[in-house]
Amino acid sequence: MKQILIINGPNLNLLGKREPTIYGNRSFEEYLETLKPLFPDLQLRYFQSNHEGALLDKIHEVGFNIDGIVINAGAYTHTSVALADALSAVTAPAVEVHISNVHSREAFRHHSYLTPKCKGVIAGLGLQGYELAIRYLMAL
Ligand code: DQA
């Protein structure tokens, strides 16, 4: 059975409460329950942390053993060389997801340290971006 890990970074634990006009009004846990049945042949894992080091540790822990990583690093997307290096280090292919269309927002959100280390990026399609990223990784 394939294994894919979804990693959410800082402030994404507040989905559903946080700026709902931008990020919607569903919690990620609620969305995850609708996502799992779409992939009965997949072991779907989920990790969220507000701490950069914890995100790094999780990538190191699973990144040589699983089939793919879907990563929304939140604001660390725009700041973290360390997360980019971690994605380079491991063997699992990664897809970067953003719920909002970062390119229609502030200029500081237009640059991602992670994009060069990922197979591709999905931005602005809401939570559906996670499902599309999984479909891509499943087909690899
Ligand atoms: C985000 C976009 C980032 O710029 C922001 O810092 C987030 C969420 C998104 O999913 O749209 O926390 O990654």
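Couple of notes before you dig in:
- Each residue of the range 10-26 was assigned a 3J(HN,Hα) from its phi angle through the Karplus expression (A = 6.51, B = -1.76, C = 1.60, θ = phi - 60°), giving x, 6, 7, 5, 9, 4, x, 10, 8, 5, x, 5, 9, 10, x, 10, 10 Hz with x at Gly and Pro.
- Rounded Å value of the spacing that divides the Cα centres of the range 11-31 and the range 78-101: 21 Å
- Segment ASN65-MET1, extension gain: residue separation times 0.36 nm, minus the distance between their alpha carbons: 21.8 nm
- Whole-number percent relative contact order across the chain, with pairs defined as alpha carbons under 8 Å at least 6 apart: 26 percent
- Dipole of the chain [Lys/Arg +1, Asp/Glu -1 at C-beta], most positive-end residue of ALA107, VAL62, VAL90: ALA107
- Dipole magnitude for the range 2-139: about 200 debye, using +1 per Lys or Arg Cβ and -1 per Asp or Glu Cβ, origin at the Cα centre.
- Segment HIS103..SER88, full-extension length gain: 3.0 nm, with 0.36 nm per residue of separation and the alpha-carbon distance subtracted.
- Three principal axis lengths of the chain [C-alpha, angstrom, descending]: 38, 33, 24
Every number here is computed from the coordinates shown, using simple stated rules; none is lab data. All values derive from a computational prediction rather than experimental measurement. Because the Cβ atoms are built from the backbone with ideal geometry, glycine has one as well, and the counts that use them run over all protein chains shown.
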